[in-house]
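Peer 1: Take this structure, written in structure tokens, and hold onto it; I'll ask about it next.
The values are calculated or read from the model by the stated rules, or taken from the named source; none is laboratory data. Quick caveat, the model's predicted, so the values are computed rather than measured. Neighbour counts are summed over all protein chains in view; Cβ atoms, including those assigned to glycine, are modelled from backbone coordinates with ideal geometry. Ligands, DNA and RNA are excluded from the accessible area calculation, which covers all protein heavy atoms including side chains. Shrake-Rupley method; radii C 1.70, N 1.55, O 1.52, S 1.80 Å.
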Amino acid sequence: MSYGGFGSERNAHHDLPILFFPPLWLTFCRVVSFLYMSKNYFDLRELMVKVAEQELKKGAKEIGGNNRGAFVEKYLQVTGLKVPQPWCAAFVSWCLYEAGRRLKVKPKLPYTAGSRVLLNAAKRLKLVVPEPERGDLVFWTRGNPEGPFGHVGIVCSRKSDKIVTIEGNKGGRVCTLQYELGKMPCLLGFARVA
């Protein structure tokens, strides 16, 4: 088969391999890329939960004072901050960072020690969701709902109207808690990390 120009009489388009049709080839590449990234982002959420579970099993907690210790230092490191700092969002950020590092995926959300910074980024990126799933983030306000203070955790499971979370800086440690949806005071919402 001869491959002259696209306009040659001898070479009708139906004789050309699929590679010669850039729009079709680009569409194929975009679909494959989307499927690959979707899988990686699903894996990112799953791995983030597993990383959080590993920290829970290690007994991660403050040592030597409020918002201090080796675990807190490790979590704050990805945010560029040093102890002592509130660290619930730094814990989430570190779990997200660690999962992304292992999967070689750059998460969409920033690494921060501010739960409101995470929530505002999730809103800006349209990652807020009405119903939580495993690997989603859950946000609460502390004090004024419009104020700067808040708290964030990772949803590690959901069964009908109950969720189980892993949270950092809750009583000075990483812990797991259960909540009933619809009965969560100070709830600001949920966000999907990818």
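Peer 1: What is the local net charge at P148, summed over the other residues whose Cβ is closer than 12 Å to its Cβ (Lys, Arg +1; Asp, Glu -1)?
Peer 2: Residues close to P148 contribute a combined charge of +1.
Peer 1: Continuing with this model, one more query. Enumerate the lysines that K126 could reach by cross-link, defined here as Cα to Cα under 18 Å, with residues fewer than 8 away along the same chain left out.
Peer 2: Within the straight-line cut-off, K126 pairs with K106, K108.
Peer 1: Okay, next question. Can you list residues whose amide H is under 5 Å from L181's amide H, if they're 5+ apart or on another chain and H is modeled 1.01 Å from N?
Peer 2: Close amide H contacts, sequence-distant or interchain: K162, I163.
Peer 1: Would you kindly derive the ³J(HN,Hα) couplings of segment 153-160 from the backbone phi angles with the Karplus curve 6.51 cos²θ - 1.76 cosθ + 1.60 (θ = phi - 60°), listing them in order in whole Hz, with x for Gly and Pro?
Peer 2: Result, rounded to whole Hz: x, 10, 6, 9, 6, 9, 10, 6.
Peer 1: Starting from the amide H of V129, placed 1.01 Å from N in the peptide plane, find each other amide H under 5 Å away whose residue is 5 or more places distant or on another chain.
Peer 2: F190, A191, R192
Peer 1: Once the whole set of protein chains is in place, how much accessible area is left on I166, using a 1.4 Å probe, in Å² to the nearest 10?
Peer 2: Looks like 0 Å² after rounding.
Peer 1: Something else about it: Work out, step by step, the length gained on full extension between D161 and K57: first 0.36 nm times the residue separation, then minus their alpha carbon distance; give nm to one decimal.
Peer 2: Taking 0.36 nm per residue and subtracting the Cα distance, the gain is 34.9 nm.
Peer 1: Can you work out ³J(HN,Hα) from phi for every residue in segment 69-83, in order, using Karplus 6.51 cos²θ - 1.76 cosθ + 1.60 and θ = phi - 60°, giving whole Hz and x for Gly and Pro?
Peer 2: Karplus values, whole Hz, x for Gly and Pro: x, 4, 5, 4, 4, 4, 5, 5, 4, 5, 8, x, 9, 10, 5.
Peer 1: What distance in nm separates the two pseudo spin-label positions at C186 and R173, each 7 Å out from Cα along the beta-carbon direction?
Peer 2: Once both label points are built, they end up 2.0 nm from each other.
Peer 1: Which shape class applies to segment 52-108: rounded if a/c is under 1.5, otherwise prolate when a/b exceeds b/c and oblate if not, where a ≥ b ≥ c are the square roots of the Cα gyration tensor eigenvalues?
Peer 2: Here segment 52-108 falls in the oblate category.
Peer 1: Shifting gears a bit: Which whole-number percent is the relative contact order of segment 64-194 (Cα, under 8 Å, 6+ apart)?
Peer 2: 24
Peer 1: Taking a ≥ b ≥ c as the square roots of the Cα gyration tensor eigenvalues, with a/c under 1.5 meaning rounded and otherwise prolate when a/b beats b/c, else oblate, which class fits segment 124-171?
Peer 2: Note, shape of segment 124-171 comes out oblate.
Peer 1: Taking a ≥ b ≥ c as the square roots of the eigenvalues of the Cα gyration tensor of segment 41-144, is the shape rounded (a/c under 1.5), prolate (a/b larger than b/c) or oblate?
Peer 2: oblate
Peer 1: Okay, next question. R124 to E146: FRET efficiency via 1/(1 + (r/R0)^6), r the Cβ-Cβ distance, R0 25 Å, to the nearest 0.05?
Peer 2: 0.90
Peer 1: Run the simple label-point estimate for R102 and K82 please: 7 Å along Cα→C-beta, distance reported in nm.
Peer 2: A separation of 3.0 nm, rounded to one decimal place.
Peer 1: Using the Cβ atoms and a cut-off under 9 Å, what net charge is assigned to the surroundings of F91, where Lys and Arg are +1 and Asp and Glu are -1?
Peer 2: Net charge in that neighbourhood comes out at -2.
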